[in-house]
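Okay, so here's the structure we're looking at.
The values are calculated or read from the model by the stated rules, or taken from the named source; none is laboratory data. Please read these numbers as outputs of a predicted model, since none were measured by experiment. Cβ: placed from backbone, ideal geometry, glycine included. Neighbour counts: every protein chain shown. These accessible areas exclude ligands, DNA and RNA; they are computed on the full protein's heavy atoms, side chains included. Shrake-Rupley method; radii C 1.70, N 1.55, O 1.52, S 1.80 Å.
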Amino acid sequence: MATPLQDLLPLEHPIIQAPMAGGATTVELVSEASRAGCLGSLGAAYLGAAQIEAAAAAIRERTPRPFAINLFAAVPEQPMRGDGGNMLALLARFHARLGLPAPEAPGPQADLLPGQIEAVLRVRPAVFSFTFGRMPREALARCRELGILTVGTATTVREALALQEDGVDAVVAQGAEAGGHRGTFLDDFDSALIGTMALVPQVADALRIPVIASGGIMDGRGIAAALALGAQAAQMGTAFLCADESGIPEAYKAALPASQAEQSRITRAYSGRPARGLVNDFMRETDAISADIYPYPQQNALTRPMRTAGARLGDISVLSLWAGQGAPLARRESTAALVARLAAELADARRRAGG
Ligand SMILES: Cc1cc2nc3c(=O)[nH]c(=O)nc-3n(C[C@H](O)[C@H](O)[C@H](O)COP(=O)(O)O)c2cc1C
């Protein structure tokens, strides 16, 4: 029953624990997901080269199984078009509430990517995945030489074809339901909001390389549906966010299963780039002045002290509560228990479909 992608890696289950930069994908989460027979993925976009190498070594101490390292591709710089003063005044009110000093306008951000790519090449994980765009062809070619499988993220057929043309080995088709940042890079963000159910079969028909479905897949029924639509694996983020080993704050973990799908929104409030999460005070107030939000990655740097304080205090009104539309289906359990349940549900869904 294994898909060709499963055989290639190899994986016991057609399941990828999604990379989630910003603290969720701890060494423990990634290694437990891989030990359980999935592809664990380290979200390394905010890590420096030395941190990537240290995390990879720690994962390898725990398991010899394959895992992925994930980075953000370079995005074209956007000018600030709105009134930054308005954004700073709004943020200052949240800072005062948290006992933080007034925020300062964000400056240019350091480019970590070249050093991160070199670290990935030194580490040689089984898989190098990325989102937000395209990677330099030279980096993809070096991965190929080293036997590292490359996986890009697409939100439209056009993006998937561009990644295939660049030479990636597989493509994640990220539907509009997905939690976290949109991977969109060729089309405009609004028109690239295509549901997983519609996107996956179109991408599978268009490509000659394996497709991985992502967005709103929370249980074995969802994985079976993704496979039926032509995907060779399901990449799941929100389901793994609630696992014991995930590194998000306790209050955030508790909020997901207690939420309703109507609370899910796409916002630029936290990072300047559209991302899906649960609505809260900071998102609501910032979306009301959306023209004055700084571009990515400046807005991300600007809101970091507030988010760090919110995480420390367990204040979910100021945290980026990234999660997909399936968040109400999330359960609190260990990674091993989650994967065992997903495998049993998948087998059950396949049996029922066969019958
Ligand atoms: C908290 C969070 C952080 C994420 N960070 C990343 C990331 O660093 N790199 C990436 O390729 N995708 C990232 N994603 C998107 C996932 O890869 C995936 O597309 C998404 O989680 C699928 O939707 P689901 O959350 O409904 O399962 C993130 C998602 C979440 C929820």
Point-to-point label distance, A206-D111, nm (Cα→Cβ direction, 7 Å offset): 2.8
Quick one: the Cα spread of the range 1-62 along its three principal axes, in angstroms, biggest first? 39, 21, 16
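Rounded to the nearest 500, what is the chain's calculated 222 nm mean residue ellipticity when only DSSP H runs of at least 4 contribute -39500 (n - 2.57) each, over all residues?
Numbers: 14 runs with 147 residues, N = 355.
Value at 222 nm, helices only: -12500 deg cm²/dmol.
Of all the accessible heavy-atom surface of the range 1-153, with the other protein chains kept in place and a 1.4 Å probe, what percent is carbon and sulfur?
Working: 3760 of 7040 Å².
After summing per-atom areas, the C and S share lands at 53 percent.
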Tell me, what is the per residue accessible area of the range 239-355 in Å², probe radius 1.4 Å? 40
Per residue convex hull volume, Cα atoms of the range 198-331, in Å³: 132
Which trypsin sites (Lys or Arg not before Pro) in the range 55-115 pass both tests, a DSSP loop state and at most 14 other beta-carbon atoms within 10 Å? R81
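Solvent-accessible area per residue for the range 1-129 at a 1.4 Å probe radius, Å²?
Working: 5970 Å² over 129 residues.
For the range 1-129, the solvent-accessible area averages 46 Å² per residue.
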Rolling a 1.4 angstrom probe over the protein chains, ignoring ligands and nucleic acids, what is the accessible area of H13 in square angstrom, nearest 10? 30
For the range 123-211, compute Rg over Rh where Rg is the Cα radius of gyration and Rh is the Kirkwood radius from the inverse mean 1/r over Cα pairs. 0.97
Can you give the three extents of the C-alpha atoms in the range 153-201 along their principal axes, from longest to shortest, in whole Å? 27, 20, 18
Charge dipole (debye, nearest 20) of the chain; +1 at Cβ of Lys and Arg, -1 at Cβ of Asp and Glu: 400
Principal axes first, then extents: for the Cα atoms of the range 1-146, list largest minus smallest coordinate on each axis, whole Å, largest first. 56, 35, 30
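Report the antiparallel proportion of the DSSP beta bridges in the chain as a percent, rounded to a multiple of 5. Show your work: numbers first, answer last.
Values: 7 of 35 bridges.
Antiparallel bridges make up about 20 percent of those DSSP assigns within the chain.
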Cα-based radius of gyration of the chain once divided by 2.2 N^0.38 Å, which approximates compact folds: 0.94
Limiting things to C-alpha atoms, what are the Rg and the maximum Cα-Cα separation (Dmax) for the range 287-355, in angstroms? 19.3, 55
For the range 69-195, taking Cα atoms only, what is the radius of gyration to one decimal and the Dmax to the nearest whole Å? 18.1, 52
Pairwise label distance in nanometres, Q260 with R351, each label 7 Å out on the Cα-Cβ vector: 3.5
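Among the GluC sites (Glu not before Pro) in the range 12-82, which ones are in a DSSP loop with at most 12 other Cβ atoms within 10 Å of the Cβ? Mind listing them? Numbers along the way, then the final one.
On the way: sites: E12, E28, E32, E53, E61, E77; in loops: E12, E77.
Sites meeting the loop and neighbour criteria: E77.
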Find the centroid of the Cα atoms in the range 261-290 and in the range 13-29, then give the distance between the two in whole Å. 23
